[in-house]
Amino acid sequence: MNYNRRNFLKNTGLTTAIGVLATAKQPALAHTKPDDLTIGHNNFRYKVDKGWAKLTVNRTPLFNCHEMVQDQKGRLIMVGDHVANNILIFDKSGKLLDSWTLAFPGAHGLSLSKEGSEDFLIITDCGWYQDRSGQWNRQAGQVIKTDTNGRLMFAIGHPRTIGIYKNDEPFMPTETAVAPNGDIYVADGYGSDYIIQYDSKGKYIRHFGGKHNANPEHNLVNAHGVSIDLRDPKNPKVVCSSREENCFKFFTLEGKYLYKVDLPGMYVCRAVFHQENLYAGVCWSKDKEGKQNWGDSGFVTILDKNNKVVSNPGGNAPVYQNGVLLPTLATSNPIFNHGHDVCIDEDENLYVCQWNANHTAPIKLTRTV
């Protein structure tokens, strides 16, 4: 059965961050020149550079820029869903160093596995693809491990092949995370909302989350992202985006639910940790009436070590009332099309990957304070 992609997203409530061609031009920023624009709040303010990436569109075409990581050489590695360029590798000046492809039409998730002095990539194809008529359809996704040159190490099979999924449970993974011991956590964010844990060789260990737990707090609704929180080395945690619930949910490495952090109005993607802070792209936010704004309503949110929001670059300033965060909206003049992921370099500059961004490269935010 074929599905219209946008209708599927609306009907299922999965406000996904995967590529639909935009019909509008990139929004202009009123009353300011791009080089003069500074965004953010408190001690997390940034200068916006939309022309950071130096690309020739004819040679290296882009569709959606989904996620980015920095390897041990300092290179910035981006995954996108253009079948000719799944992987683009930049230096921090925006110069393109390398590119290659797996011809994945739904290339969506990218995680780095540091193994001694060598880096490996865990790449997720979420299963969305365009058919010959240009319509979006879905199929089973896949997860593979490669080196940074694209050499395949192994693939993780469909969960049905090992008996942990029923026939009516789709597998459309969106993200992975790698624990210090090498375990791989797969977020089935567009499929059945489980987090599936494998060892470093791809052997199944357990799964948790999903939609049918006795305690609904343990459920995940659009488990779009998964990350490992090592800010407390004695108590590492798995952090999952429950995007439709506007929150992050925290679990032990064994999948035991701990607590959640509510982010009213924010449809958050994966948590990215740098020092004591949590950064995340916000793909959508709600409007003043509390309705989901499907337009260019994304931004970046930054939380401190206590999981309190301290800055929303591209969004309104965080406001707490009696210790509770009030709903956060995007600014009236949008900076981002949709904030899908954030990469932080050693100078604490941000690189924001956007979904549905009219074939544009990531935006660099240079930290000013």
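The values are calculated or read from the model by the stated rules, or taken from the named source; none is laboratory data. Just so you know, these numbers come straight off a predicted model, no measurement behind them. When we count neighbours, we look across all protein chains shown, and the Cβ atoms used for this are built from the backbone with ideal geometry, even at glycine. To get the accessible areas, we keep the full protein, side chains included, count just its heavy atoms, and leave off ligands, DNA and RNA. Shrake-Rupley method; radii C 1.70, N 1.55, O 1.52, S 1.80 Å.
Could you please tell me which pairs satisfy a Cβ distance under 6 Å, a separation of 6+ or placement on different chains, a first residue in the range 156-172 that is under 24 Å from K201 (Cβ atoms), and a second residue that is outside any loop (DSSP other than H, G, I, E, B) and open to solvent by less than 30 Å² (accessible area, probe 1.4 Å)?
Listed by first residue and then by second, the contacts come to I156/V143; Y165/P159; F171/P159.
Being under 26 Å from D345 (Cβ atoms), open to solvent by 20 Å² or more (accessible area, probe 1.4 Å) and among the hydroxyl-bearing types (S, T, Y): is that true of S113 here? Step through it out loud before you land on a result.
Details: under 26 Å from D345 (Cβ atoms): yes; open to solvent by 20 Å² or more (accessible area, probe 1.4 Å): no; among the hydroxyl-bearing types (S, T, Y): yes.
So S113 fails the test.
Which numbered condition trips up P264, out of (1) assigned to a loop (DSSP other than H, G, I, E, B); (2) at pLDDT 95 or above; (3) open to solvent by 10 Å² or more (accessible area, probe 1.4 Å); (4) more than 20 Å from E244 (Cβ to Cβ)?
Single failed check for P264: (4).
Taking into account only those residues within the range 89-109 that are crowded, with 19+ Cβ neighbours inside 10 Å and in contact (Cβ under 8 Å) with a residue 60 or more places away in the chain, which is farthest from N149 (Cα to Cα)?
G106
Filtering the range 286-335 down to residues that are free of Cβ contacts under 8 Å to residues at least 60 places away in the same chain, in a strand (DSSP E or B) and not hydrophobic (A, V, I, L, M, F, W, C), which residue is nearest to R231 (Cα to Cα)?
Looking at residues that are free of Cβ contacts under 8 Å to residues at least 60 places away in the same chain, in a strand (DSSP E or B) and not hydrophobic (A, V, I, L, M, F, W, C), I get T301.
Which of the residues spanning the range 268-285 are open to solvent by 10 Å² or more (accessible area, probe 1.4 Å) and within 17 Å of the chain's Cα centre (by Cα)?
Residues satisfying the conditions are R270, V272, F273, H274, N277.
If only one of G290, G314, G265, G295 is over 19 Å from N337 (Cα atoms) and of a type outside the set (K, R), which one is it?
Numbers: G314 fails: over 19 Å from N337 (Cα atoms); G265 fails: over 19 Å from N337 (Cα atoms); G295 fails: over 19 Å from N337 (Cα atoms).
Within the list G290, G314, G265, G295, the selection yields G290.
Take the range 286-321 and flag every residue that is open to solvent by less than 10 Å² (accessible area, probe 1.4 Å) and either at pLDDT below 95 or under 13 Å from the mean Cα position of the chain (by Cα) (or both).
S297, G298, F299, V300, T301
Please go through the range 322-333 and give me each residue that is surrounded by fewer than 24 Cβ atoms within 10 Å (Cβ to Cβ) and hydrophobic (A, V, I, L, M, F, W, C), ordered by number. Step through it out loud before you land on a result.
Here is the first cut: in the range 322-333, the ones surrounded by fewer than 24 Cβ atoms within 10 Å (Cβ to Cβ) are 322-329, 331-333.
Residues satisfying the conditions are V324, L325, L326, L329.
In the range 334-369, how many are at pLDDT below 95 and open to solvent by 60 Å² or more (accessible area, probe 1.4 Å)?
Looking only at that region, the number is 2.
Given the structure, is G127 within 22 Å of G225 (Cα to Cα), touching a Gly at 6+ places or on another chain (Cβ under 7 Å) and of a type outside the set (S, T, N, Q)?
Yes.
Kindly indicate whether any position in the range 118-125 is in contact (Cβ under 8 Å) with a residue 12 or more places away in the chain, outside any strand (DSSP E or B) and open to solvent by 20 Å² or more (accessible area, probe 1.4 Å).
no
Restricting attention to the range 140-153, does a residue exist that is among the basic types (K, R), more than 30 Å from Y204 (Cβ to Cβ) and over 21 Å from the mean Cα position of the chain (by Cα)? Steps first, please.
From the range 140-153, those among the basic types (K, R) are 145, 151; that's our starting set.
Then keep just the ones that are more than 30 Å from Y204 (Cβ to Cβ); that gives none.
No: the range 140-153 contains no residue that is among the basic types (K, R), more than 30 Å from Y204 (Cβ to Cβ) and over 21 Å from the mean Cα position of the chain (by Cα).
Checking the condition farther than 30 Å from G74 by Cβ, surrounded by 12 or more Cβ atoms within 10 Å (Cβ to Cβ) and out of contact with any Cys (no Cβ under 6 Å at 6 or more places or on another chain), which residue from I164, I184, I144 passes?
I164
Please enumerate the residues belonging to the range 223-245 that are under 20 Å from T328 (Cβ atoms) and open to solvent by 10 Å² or more (accessible area, probe 1.4 Å).
Those that are under 20 Å from T328 (Cβ atoms) and open to solvent by 10 Å² or more (accessible area, probe 1.4 Å): E244, E245.
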